[in-house]
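Enquirer: Here it is: the structure, laid out below.
The values are calculated or read from the model by the stated rules, or taken from the named source; none is laboratory data. All figures in this text were calculated on a predicted structure; none of them were measured in a lab. Glycine gets a Cβ as well: all are built from the backbone with ideal geometry, and neighbour counts include every protein chain shown.
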Amino acid sequence: MTAVDDRPTTEIGTARRRKEDARLVTGRTRWTDNIQLPGMLHLAMVRSPFAHARINGIDTSEAKAAPNVIAVMTGQDIADIQGVNITAWPITTDQVNPTHLPMPLERVAHTGEVVAVVVARSAAAARDAAELVDVDYEELPAVLDLKAAATDEVLAHPDLGTNKSAHWQLDSAAQGSGGDVEEAIAKAREGGIVIEREYRQQRLIPAFMEPRSTVVDPTGEQVVMWTATQAPHVLRFCIAATTGLPESKIRVIAPDVGGGFGGKLQSTPEEFITLAVARKLGKPCKYTETRSETMVSAHHGRDQWQKLTLSAEKDGTVTGLKVELLADLGAYAALVGGGVPVLGAWMFNAIYKFPAYQFNTTNYYTNKTWVDAYRGAGRPEATYAIERLMDELAAEVGVDPLEIREKNWIRHDEFPFTTVAGMTYDSGNYEAATARAKELFGYDELRAEQKRRRESGDPVQLGIGVSTFTEMCGLAPSRVLGSLNYGAGGWESASIRMLATGTVEVVTGASAHGQGHETAWSQIVADRLGVPFENVEVLHGDTQIAPKGMDTYGSRSLVVGGEALVRAADKVIEKAKPLAAHMLEASVDDLEFAAGRFTVKGTDKGVGLTDIALSIWTGHDYPEGLEPSLDADATFDPVNFSFPHGTHLCAMEVDTETGATRMRKYVCVDDIGVIINPLIVEGQVHGGLVQGIAQALWEGAEYDEQGTLVSGSFVDYTLPTTADTISFVTDHTTSPSTSNSLGTKGVGEAGTIASTPAVVNAIVDAVRHLGIDDVQMPCTPERVWKAIQSAGGTQDAAPAADAQSHFGDGAPNQDPAAGTTDGAAQ
Amino acid sequence: MTRISVTVDGVSYTDEVEPRTLLVHYLREVVGKVGTVVGCDTSNCGACTVHLDGRSVKSCNVLAVQADGHEVTTIEGLATNGELHPMQAAFHDNHALQCGYCTPGMIMQAVDLLRENPHPTEDEIRQGMEGNLCRCTGYHNIVKAVAAAAGASERSDA
Amino acid sequence: MIPAAFDYVAPTSLDEALSVLAEAGDDAKVLAGGQSLLPILRMRLNAPEKVVDLGRIEALRGVRDGGDHVAIGAMTPYADVLGDALVREHAGLLARAVETVADPQIRHRGTVGGALVHADPAGDVGAPVLALDATMVVVGPGGERTVPAGEFFRDLFETAVGDGELLTEIRIPKHTGWGSAYEKFVRVSHQWSIVAVAATVRVEGGSIAEAKVGLTNMGSTPLRATAVEQALVGSSASALADACAAAADGTNPPSDLNGDADYRRHLVTVLTRRAVQKAMEG
């Protein structure tokens, strides 16, 4: 008897509609800000309007006297329990780290830093009184520009004596994974090609849609914190490690969380302040930020200058790549912080067979909002640089950009392939993805149109951008993290509870915030255990329900957490087997398990897994020496990363009269291994694409000379809308990953990583014939138009064929006249 | 405090509110309609979109006192007799949501869009949804869902 | 996100509104559609003691035929202006501009009168109203007066509407049969205009008999490109560039994240040519 006759034969690969949607489309959601508790107090933060200032005094008397105000606290008032916002990844043992107190006592180091908190009976009363807090600031010189920070002329933290946090290098000759890059470049200067560029990765704001919110209830035996976080487990650790509250006394709950993109993996000052205030007052407290507060205080992403030297033979065969990054950490080393640029270290060489490689990053502090992981974290920066460079190399050699890539990429029959950076790519097929993408794109027709427009001098020019990306995801093998001085592991945990009445509870340590884990995890378990999809309940995001976890970021949930789930399911089956044998009066060796049933080989005798669960729940009759339970836990620590790849093709129209750009067509063919749910995958790709496209075209966090975030609201931080975007053409090739039993690779970040260079390559391609070889991101109409106006004054002003260095005499490599307002202003 | 009477999702409420209370805060905190959410402070994101007398508005941009004597429909009032509204069903079928935070506003605006233009082109859908920001979906499936819902109503018209 | 506290009054007649305003003096702020005012209050960029809501004065709403002009009540929401047959037929330029304002939700609440009195130079209704030679009806304690659009915009966020006065009606002379276009340049669609050009033309025998051109965000107020208008007379669609090259003359555009003043001066010439071209096509 079964109620699931229409169940697909396998769940994996089926476009299941999401379980999560039922509550989300009807408004029955549990966002943190929805929570109301009896006697709950509301917090409003008083934030610094200055980028760098000494706090000479804070007069809270007027605010304290305001109606319905319960307390006003400064850093001094919570100094004993406020804890510290720590970094998990000091990339070198001598990394310089400023202490990051949730509420500083003496000095603020960026605009928006919290200096006092008002606690009142309503959010309105708290906001009213916050305006009455009188802070006596003594303004200090602020360092805002990354390149200026590198000179140490003005210090972000005067007590540290330097702005430099750390320098980190990967050198293929030193680690034995390749040749000497300096030799390769020197040789190319003699008779080959040297491409030298400097690219800007502008500062971005993750801009998840749900503003952060935290509710703390200190009244029970455990302090309970509901918070809009991607990382409840990591947060609990950080609280326990720095506030004196034992880990066992803290319960962190991430209820419905409205997006993160890395932006909610932080353990934030606001969470720590809310916790401290609630503990001091013994009352439940809520803090919900405004969007303007999100923009200035939640961590930002990217923000690098990338100095790049690529060497090649005359025919375009690459011989070396040297990467020198300057990375802006903002005012403090955030949780991943200085490690974000390091995450790109293995990816600049990408899919190409460079014989020699060197990666350097030097990280600096400035008096701006702290910087941490934003969708892709380190890998978009790497992909952007190499995919832009490959286009430049193609232009230099005079061949199609796809041809130069094909000449240099790893062929499908060369996998597994150990790269010059020392990573072993397990599987991939760049030829297949590219062929499919070209076909879907209509590559040759668009090239023909491009030619026609050029020849006719059409004011609207057409460009085609290529990005044949790869990334490493599934963070991460714990031993690798340990060797990199990262403060935690990269394992993931799963538990399966077989309930007596036939349903299954799955507990995952990967805390979702929009990815659809509840659906995909149900599919995996339904297949593995042979139970109906509907009968699987996925629980997550609460340290009491899911006590172990490393949470969700770095495209890790499925490849690491999914594998933990498979292993837990296999343990359930293993535990059930002797019980089945007992019930069937057969030998375990004679049993087969399929579609949720154990059967005795060669007979029609069998028993269902859920029947065993009921039997074992009663405990009336089971073999001695066994425990009466089918439940199982598994913790999976990956042995390798996974390496999704894909070919993205983008056609952009450039209006040469205004500099406006318009996307004509976007095709991507991604290889992300085995797909659990194509619907969810497609959604992840679409969303990722638009975030990457947005970096290319629209977004940028801009500061003025005073250190005020000018793009501090959705009016000025220009997120795209439906009207600014197009429908995409997506497809897949499949080379299963060999590093996990499902064969999955991870897709959360792929679209974002791949799309940015595809778009910029297309814009440059549209106007390259006018003498342009770069437009700084975001490629605003003004920048594009100015690049056109000053064409010839761009990076390749001198003929590149002479392989002359453009980095001599410390001269800036970027011509400010070429529309580089961002770099010029900062 | 000012006394207001507002019909929300078919039920009439009478409350004393401060005049400065935004409609969205009234809905969430007084009436308990927490399905309607706040995503920004500049009226750009549209997450708080509800219908006021049958027209879509951003409820952060309306004072509760301005709604006195008027009718409000939120995402929680869209389904009838336990049946999803066709737009809600279309969002589910087309995977037009991920984290779901923008979804209530998106759906409310999409319903309004089809009220004004029952058979929109893709371009008209894209123009008509420009007041709602989403960070997860890249909009592709949202546009698809609205088109699907329009197609569904077309079929039921026939 | 929470405005500072204020007193609220919603008069139901114009007389009542005027007397409330007279009583409150400087401390009152008039609430029309609220789509610009409420964000300002939420961000606490302004904290009036009293908010006077005109939303309950029915007389200020609606479009009527005034004979030689179309009369638009100051409290008519954008969406109603957009859907109005009189406006479409006789003041097409205004409809073209209104359909680009913000987004559908904002257009349901925001009003033409509110936007004109708010006088944001990047707002989209100032330039067309100016180009269409509209007349503004302003009512105050001393009675009613009319102000030509050319004298209405005084400066950034400043108009001829004085303390205690209200804009009640916008009278647009009928431009029946004129072609019109509003060329708005933005980076993302929900942005304020970086630059926009409102153009309306009367075409006779394939060339321009009369042209009117207004500019958005090229200075502290909407501007009229008079030199371009004169130069356009007699032009055919294929020879507009020279006449439009003067579009930036006498302008003083801002510099911001979206573009510096020079870029805007360039943009306005291109957009003017395109707007006029489109206007000639209908």
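Enquirer: Name the single residue, out of those in the stretch B:19-35 being in a loop (DSSP other than H, G, I, E, B) and within 24 Å of C:Gly55 (Cα to Cα), that is farthest from the other protein chains (Cβ to nearest Cβ).
Expert: Ranking the qualifying residues of the stretch B:19-35, first place goes to B:Val31.
Enquirer: Given C:Val197, C:Val233, C:Val201, which one is β-branched (Val, Ile, Thr) and under 21 Å from C:Phe153 (Cα atoms)?
Expert: The match here is C:Val197.
Enquirer: Checking the structure you have, find out if any residue of the stretch B:110-125 is away from chain C (no Cβ under 13 Å), of a type in the set (Gly, Ala, Ser) and part of a helix (DSSP H, G or I).
Expert: There is no residue in the stretch B:110-125 that is away from chain C (no Cβ under 13 Å), of a type in the set (Gly, Ala, Ser) and part of a helix (DSSP H, G or I).
Enquirer: If A:Val215 meets every condition in (1) in a strand (DSSP E or B); (2) hydrophobic (A, V, I, L, M, F, W, C); (3) more than 14 Å from chain B (Cβ to nearest Cβ) apart from one, which number is that one?
Expert: Every condition holds for A:Val215 apart from (3).
Enquirer: Only residues that are touching a residue at least 24 places away in the same chain (Cβ under 8 Å), assigned to a helix (DSSP H, G or I) and facing chain A (nearest Cβ under 7 Å): list them for the stretch B:62-102, please.
Expert: Result: B:Ile75, B:Glu76, B:Phe91, B:Asp93.
Enquirer: If we only count strands (runs of 3 or more DSSP E) wholly inside the stretch A:455-558, which ones have 1 or more residues that are of a type in the set (Val, Ile, Thr) and within 21 Å of the chain's Cα centre (by Cα)?
Expert: Strands (runs of 3 or more DSSP E) meeting the threshold: A:460-470, A:504-508.
Enquirer: When the stretch A:598-638 is examined, which residues are found to be exposed (fewer than 15 other Cβ atoms within 10 Å of the Cβ), at negative phi and outside any helix (DSSP H, G or I)?
Expert: Result: A:Lys601, A:Thr603, A:Asp604, A:His620, A:Asp621, A:Pro623, A:Glu624, A:Leu626, A:Glu627, A:Pro628.
Enquirer: Tell me yes or no: at least one residue of the stretch A:720-731 is away from chain C (no Cβ under 14 Å), touching a residue at least 40 places away in the same chain (Cβ under 8 Å) and assigned to a loop (DSSP other than H, G, I, E, B).
Expert: Within the stretch A:720-731 (the criterion being away from chain C (no Cβ under 14 Å), touching a residue at least 40 places away in the same chain (Cβ under 8 Å) and assigned to a loop (DSSP other than H, G, I, E, B)), the answer is yes, since at least one residue qualifies.
Each row is one residue, and each column tells you yes or no for (1) hydrophobic (A, V, I, L, M, F, W, C); (2) under 14 Å from A:Ser495 (Cβ atoms); (3) in contact with a helix residue (DSSP H, G or I) (Cβ under 9 Å, 6 or more places away or on another chain).
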{"residue": "A:Thr508", "(1), (2), (3)": "no, yes, yes"}
{"residue": "A:Gln515", "(1), (2), (3)": "no, no, yes"}
{"residue": "A:Thr519", "(1), (2), (3)": "no, no, yes"}
{"residue": "A:Asn535", "(1), (2), (3)": "no, no, yes"}
{"residue": "A:Ile545", "(1), (2), (3)": "yes, yes, no"}
{"residue": "A:Asp551", "(1), (2), (3)": "no, no, yes"}
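Enquirer: Given the condition modelled with pLDDT of 95 or more and within 11 Å of another protein chain (Cβ to nearest Cβ), answer yes or no: does some residue in the stretch A:663-674 qualify?
Expert: Yes, the conditions are met somewhere in the stretch A:663-674.
Enquirer: Got at least one residue in the stretch C:102-114 being surrounded by fewer than 24 Cβ atoms within 10 Å (Cβ to Cβ), of a type outside the set (A, V, I, L, M, F, W, C) and touching a residue at least 40 places away in the same chain (Cβ under 8 Å)?
Expert: no
Enquirer: Here's something else I'd like to know. Restricting to the stretch A:480-517, count the residues that are touching a strand residue (DSSP E or B) at 6+ places or on another chain (Cβ under 8 Å) and farther than 30 Å from A:Gly337 by Cα.
Expert: 9
Enquirer: So which of B:Ser59, B:Ser12, B:Ser5 ends up being within 16 Å of the chain's Cα centre (by Cα) and either more than 8 Å from chain A (Cβ to nearest Cβ) or surrounded by fewer than 24 Cβ atoms within 10 Å (Cβ to Cβ) (or both)?
Expert: Criteria check complete, one pass: B:Ser59.
Enquirer: Another question, then. If C:Ser180 satisfies all but one of (1) crowded, with 24+ Cβ neighbours inside 10 Å; (2) more than 14 Å from every other protein chain (Cβ to nearest Cβ); (3) modelled with pLDDT under 95, what's the number of the condition it fails?
Expert: Status for C:Ser180: all satisfied but (3).
Enquirer: Mind listing whichever residues of the stretch A:722-766 are of a type in the set (Phe, Trp, Tyr) and either touching a Pro at 6+ places or on another chain (Cβ under 6 Å) or under 18 Å from A:Glu471 (Cα atoms) (or both)?
Expert: Of everything in the stretch A:722-766, nothing turns out to be of a type in the set (Phe, Trp, Tyr) and either touching a Pro at 6+ places or on another chain (Cβ under 6 Å) or under 18 Å from A:Glu471 (Cα atoms) (or both).
Enquirer: Ok, one more. Any chance the stretch C:196-212 includes a residue that's among the β-branched types (Val, Ile, Thr), part of a loop (DSSP other than H, G, I, E, B) and surrounded by 22 or more Cβ atoms within 10 Å (Cβ to Cβ)?
Expert: No; the residues of the stretch C:196-212 include none that is among the β-branched types (Val, Ile, Thr), part of a loop (DSSP other than H, G, I, E, B) and surrounded by 22 or more Cβ atoms within 10 Å (Cβ to Cβ).
Enquirer: Can you run down the residue pairs with Cβ atoms below 9 Å, 6 or more apart or on separate chains, where the first is in the stretch A:50-75 and basic (Lys, Arg) and the partner is in a loop (DSSP other than H, G, I, E, B) and exposed (fewer than 14 other Cβ atoms within 10 Å of the Cβ)?
Expert: Going by the 9 Å Cβ cut-off, the qualifying pairs are A:Arg54/A:Glu106.
Enquirer: Can you find a residue in the stretch A:695-703 that is part of a loop (DSSP other than H, G, I, E, B), within 20 Å of C:Ile194 (Cα to Cα) and more than 10 Å from every other protein chain (Cβ to nearest Cβ)?
Expert: yes
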